[in-house]
Amino acid sequence: MGPIGVITWNTFRENLRDKILYNLLVFSFFLIGASVLLGELTFAEPKKVVTDFGLAAINIIGVIVAIFVGIGLVNKEIERRTLYTIMARPISRSQFILGKYCGLLFTVSVNVLIMLSVYLFTLWIDRAAIHIGLFQAVGLILVEVYLVTAMALFFSTFSSATLSATLTAAFYFIGHLTTDLRGIAEKSENFIIKSVISIFYYLFPNLELLNIKGQAARGLTTPLMYQFTATLYGILYAGMLVVAACLVFRHRDF
């Protein structure tokens, strides 16, 4: 096992020992289970409510795990001064960042798979339809979580944990508004406002491309070409953030 593999495995083991992961998993079980109760209380389509609410729970919990664990990947090592011990070994800074990122990807993937299992069990208990569109939606949720993880890691390489969480959350929320921002830019007659909004549109990730929860809740499937394009977009954007994190961390003084 190479340096990246060792760091990946150690990061995964460390995340498993972190109580926040278990607390979030319990909370996710509660949210998914509560969807059944909401489905019974609503006068609308109860099975659609269960399906939609469960997907939203998986999405929200996955993003929370990515942010709160991702921002501490680097800062925690610096605060504990274990980073100096790691850097004294034949491990480059880029390998350290890549190992940390892969370890967190492993962690969030396990969390999403567990939540998916509970979600499918909930649908089975409620006799709601289980179709391919649900797996497509969870697949893009996982890509979004990978992207948010890369954001959190990037900001953690040069800022404090609090600032990293704030910046990552801001990027996340704006990322879901980029389509609206583009519409505002097209309607605006002010050149400055139009330019600033256009910069925001192209700089921030368009996370709405990865959001197909609504279609899945209605029992619709997504064209495979769209699924592939959206997945590739998310992975490439996450890759660019990880590369940027490596470059920033490589030139950071300790």
Legend entry - the range 1-30 residues that are under 20 Å from Ser117 (Cα atoms), paired with ones that are at pLDDT 75 or above and of a type in the set (Lys, Arg) (beta carbon under 8 Å, 6 or more apart): none
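So if I check each of Phe200, Phe191, which one is over 21 Å from the mean Cα position of the chain (by Cα), open to solvent by 40 Å² or more (accessible area, probe 1.4 Å), aromatic (Phe, Trp, Tyr) and at pLDDT below 85? Lay out the reasoning, then the answer.
On the way: Phe200 fails: over 21 Å from the mean Cα position of the chain (by Cα).
Only one candidate qualifies: Phe191.
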Inset, instruction - From (1) at pLDDT 85 or above; (2) of a type in the set (A, V, I, L, M); (3) farther than 22 Å from Ala150 by Cα, pick out the condition that doesn't hold for Ala44. - result: (1)
Inset, instruction - Taking Tyr172 as the residue in question, decide whether it is within 10 Å of the chain's Cα centre (by Cα), open to solvent by 40 Å² or more (accessible area, probe 1.4 Å) and within 17 Å of Val65 (Cβ to Cβ). - result: no
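If you go through the range 138-164, how many residues are part of a helix (DSSP H, G or I) and open to solvent by less than 20 Å² (accessible area, probe 1.4 Å)? Break it down stepwise before answering.
Of the residues in the range 138-164, the ones part of a helix (DSSP H, G or I) are 138-156, 161-164.
From what's left, open to solvent by less than 20 Å² (accessible area, probe 1.4 Å): 138, 140-141, 143-145, 147-153, 155-156, 164.
Qualifying residue count for the region: 16.
Kindly evaluate Ser109 against the criterion of being part of a helix (DSSP H, G or I), surrounded by fewer than 22 Cβ atoms within 10 Å (Cβ to Cβ) and modelled with pLDDT of 85 or more.
Numbers: part of a helix (DSSP H, G or I): yes; surrounded by fewer than 22 Cβ atoms within 10 Å (Cβ to Cβ): yes; modelled with pLDDT of 85 or more: yes.
It is true that Ser109 is part of a helix (DSSP H, G or I), surrounded by fewer than 22 Cβ atoms within 10 Å (Cβ to Cβ) and modelled with pLDDT of 85 or more.
Could you tell me which residue of the range 213-232 is surrounded by the fewest Cβ atoms within 10 Å (Cβ to Cβ), considering only residues that are touching a helix residue (DSSP H, G or I) at 6+ places or on another chain (Cβ under 6 Å) and farther than 20 Å from Ile60 by Cβ? Even if it seems obvious, please write down each step before you answer.
If we filter the range 213-232 for residues that are touching a helix residue (DSSP H, G or I) at 6+ places or on another chain (Cβ under 6 Å), which is where we start, we get 213, 216-217, 220-222, 227, 230-231.
Among the residues that remain, those that are also farther than 20 Å from Ile60 by Cβ are: 220-222, 227, 231.
Working: Leu220: 13, Thr221: 16, Thr222: 17, Gln227: 17, Thr231: 18.
Among them, the one singled out is Leu220.
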Inset, instruction - Keeping to the range 145-173, report how many residues are under 10 Å from Leu241 (Cβ atoms), of a type in the set (A, V, I, L, M, F, W, C) and touching a Gly at 6+ places or on another chain (Cβ under 7 Å). - result: 3
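If I ask for residues that are within 23 Å of Thr231 (Cβ to Cβ) and open to solvent by 10 Å² or more (accessible area, probe 1.4 Å), which ones from the range 115-137 would you list?
Initially, the range 115-137 is screened for residues within 23 Å of Thr231 (Cβ to Cβ), giving 115-117, 119-120, 130-137.
If the condition is that a residue be within 23 Å of Thr231 (Cβ to Cβ) and open to solvent by 10 Å² or more (accessible area, probe 1.4 Å), then Leu116, Ser117, Leu120, Ile130, His131, Ile132, Phe135, Gln136 are the ones that fit.
The values are calculated or read from the model by the stated rules, or taken from the named source; none is laboratory data. The structure presented is a predicted model; accordingly, all values stated were derived computationally and were not measured. As a convention, Cβ positions derive from the backbone with ideal geometry for all residues, glycine included, and neighbour counts pool all protein chains shown. Accessible surface areas use protein heavy atoms only, side chains included; no ligands, DNA or RNA. Shrake-Rupley method; radii C 1.70, N 1.55, O 1.52, S 1.80 Å.
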